[in-house]
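Colleague: Can you read through this structure? Questions will come right after.
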RNA sequence: CGGGGCGUGGCUCAGCCUGGUAGAGCACCUGGUUCGGGACCAGGGGGUCGGAGGUUCAAAUCCUCUCGCCCCGACCA
């Protein structure tokens, strides 16, 4: 299909990213600036993400519901920090049915306001708490500059919204869902993330505290791909979300909200894909195995197709997402490139020799360290007996899944620099896109702003203990004052 | 909103400077030969040149306006 080579990551990362998406037919720009059409190959990834996450949400006691797209403008303006944060990116409907509306309606940029206004009606006493809901929805934020998946004006996401009796319960919920995201990123996306707290300047408009998952892309820029907020009582106070407590007093509820979006797909691409095109982790690959039959003569075609169809049925029955590529007008070589650029984890070749030997050839999309190494300069080819397929294919998919995570962790570690103490050194590291830079921070907004101003890097996360360095930093890398936190600096998307 | 670039078959672009029959590669359709890493030959379909106005015997080409897109900067999951 493709007639040219991809741009190389090392030469033009941004052009490479766009081209990977185009080749894999994941998405396209829409006629409206900043919006995106998600094609089946891309939406298939999203559906698999949804399925996995939805189960995780249900398993942690949440239910799905749906709240409307249109929100009264007055709702958004009720919470001061919230308005301030979102005002510049609101899309507002002022006309309906040919007439000016009495009150303009906002197309939701997020649903805190409409949801907590409803919760207020549903909650009388502490017995009505907690409320643990999630919704799958689209939201609109009027962005200046957009990139497919990473930042589009309309995007798909899920937003969880909960209400609790106590601050501690809300805090536990925010952290529990951060943990869910972290597990999802590792186990399904094979995207290793740092987790921790956002600084005040980076937190959600209207939150008490914002927790984040941060991944490092192959160009060494950070991507925030999940957030979980402890909203405190900010929204409860504005929308009268009150309940009678166990002690009989009237109290405001404590809220959390948490979300992940189609941005994760961008993160997936920029984490795993290579100069041959898209790479998808098996758990999120709409097609996990592509079977390419190879034949010359009509007689060969008959026996090869027979074998290929049998393997296809076998794999399908075993629950593998499999495709038999029976396109007659395309050469096998062209099919190899096609499936590679689409990121399919395993490709299977079945030719006359395989039929005779009762074997197949399997080529993994990325090299597997636990399998026989490839010949120099060649792709790794695994010769597998037909009888072993039922055990080997799932095993290879698992190995590929863990290989991707291993590779990504290794890359992140190779591009994480700890113990930076001098501001000049940090500035130089940022200048050459060194990756995640760990350094001390005094906690002042001035020091944070100075770095952003001078280097474009920001504090991505104040990591939880697990991700901190063994030796805590003593001083702030900017002002030299006592360090209150170890933080991770990086340029970001 | 500032700075730069670009709008020509589905895609990537040439043609514009110096006005005169709309082109190429890829993709697509038909037939044949091919097929274990991007096949080849022959034939074929498809474009009011982003839009409007102007100059001219004549505009993809020159002029004016307009719309849209992309890249770089200030805000953001």
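Here, each number is a calculation from the coordinates, and none is a lab measurement. Because the structure is predicted, anything quoted here is derived from the model rather than measured. A quick note on method: Cβ atoms are made from the backbone with ideal geometry, for glycine too, and the neighbour counts reach across all protein chains shown.
Colleague: What order do you get for A:32, A:123 when you list them from fewest to most C-beta neighbours inside 10 Å?
Modeller: Working: A:32 9, A:123 22.
Listing A:32, A:123 from fewest to most nearby Cβ atoms yields A:32, A:123.
Colleague: Further question: Specify the inter-centroid distance of region A:286-340 and region A:382-457, based on alpha-carbon positions, in whole Å.
Modeller: One Cα centre to the other: 36 Å.
Colleague: Still on this structure, please answer the following. Could you give the length gained on full extension between residue A:63 and residue A:357, defined as 0.36 nm per residue of separation minus the Cα-Cα distance, in nm? Can you show the working numbers first?
Modeller: Working: separation 294, 0.36 × 294 = 105.84 nm, distance 5.24 nm.
Stretched out fully, the residue A:63 to residue A:357 stretch lengthens by 100.6 nm.
Colleague: Which percentage, to the nearest 5, of the DSSP beta bridges contained in region A:287-398 is antiparallel?
Modeller: Numbers: 8 of 16 bridges.
Roughly 50 percent of the DSSP beta bridges within region A:287-398 come out antiparallel.
Colleague: Specify whether the C-alpha gyration tensor of region A:313-391 places it in the rounded, prolate or oblate class, a ≥ b ≥ c being the square roots of the eigenvalues: rounded for a/c under 1.5, otherwise prolate if a/b is larger than b/c and oblate if not. Each step should come with its number before you reach the end.
Modeller: On the way: a/c = 1.28, a/b = 1.04, b/c = 1.23.
It is rounded, given that a/c, with a ≥ b ≥ c, falls under 1.5.
Colleague: Then there is this: Any chance you could check the Cα centroid distance between region A:69-94 and region A:218-237 for me, in angstrom?
Modeller: About 18 Å separates the Cα centre of region A:69-94 from the one of region A:218-237.
Colleague: Mind checking the alpha-carbon convex hull of region A:223-309 and giving the volume per residue in Å³?
Modeller: Values: hull volume 15.5 nm³, N = 87.
Per-residue hull volume (Cα only) is 178 Å³.
Colleague: Starting from the 7 Å offset along Cα-to-Cβ, what nm value, one decimal, do you get for the label separation of residue A:128 and residue A:95?
Modeller: 4.0
Colleague: May I pose another question? What ranking of A:339, A:254 emerges when the number of other C-beta atoms within 10 Å of each C-beta is taken as an exposure proxy, fewest first?
Modeller: Details: A:339 24, A:254 28.
Fewest-to-most ranking of A:339, A:254: A:339, A:254.
Colleague: On a 0 to 90 degree scale, rounded to 10, what angle separates helix A:389-414 from the longest Cα axis of chain A?
Modeller: Tilt of helix A:389-414: around 50 degrees.
Colleague: Among A:353, A:450, rank each residue by its count of other Cβ atoms within 10 Å, from fewest to most, as a rough exposure measure. Please list the in-between numbers first.
Modeller: Details: A:353 11, A:450 14.
Final ranking by Cβ density, sparse to dense: A:353, A:450.
Colleague: Given the Cα-Cα distance of residue A:410 and residue A:121 and 0.36 nm per residue of separation, how much length would full extension add, in nm?
Modeller: On the way: separation 289, 0.36 × 289 = 104.04 nm, distance 5.01 nm.
Full extension from residue A:410 to residue A:121 adds 99.0 nm.
Colleague: Also, I was wondering about something else. Distance from the Cα centre of region A:7-53 to that of region A:139-184, in angstrom?
Modeller: The distance from the Cα centre of region A:7-53 to that of region A:139-184 comes to 21 Å.
Colleague: Please compute the modelled spin-label separation between residue A:28 and residue A:303, points set 7 Å along Cα→Cβ, answer in nm with one decimal.
Modeller: 4.3
Colleague: How big is the Cα convex hull of region A:415-490 in projection, averaged over all directions, in nm²? Write out the running numbers ahead of the final one.
Modeller: Numbers: hull surface 17.1 nm².
The number I arrive at for region A:415-490 is 4.3 nm².
Colleague: Same structure again: For chain A, take the alpha-carbon Rg, divide it by the Kirkwood Rh, and send me Rg/Rh.
Modeller: On the way: Rg = 25.4 Å, Rh = 24.9 Å.
On the Cα set of chain A, Rg over Rh gives 1.02.
Colleague: Extension gain residue A:245-residue A:136, at 0.36 nm per residue separation less the Cα-Cα distance, in nm?
Modeller: Working: separation 109, 0.36 × 109 = 39.24 nm, distance 3.12 nm.
Gain on stretching residue A:245 to residue A:136: 36.1 nm.
Colleague: Out of all DSSP beta bridges in chain A, what portion is antiparallel? Express it as a percent rounded to 5.
Modeller: On the way: 70 of 85 bridges.
Here the antiparallel bridges make up roughly 80 percent for chain A.
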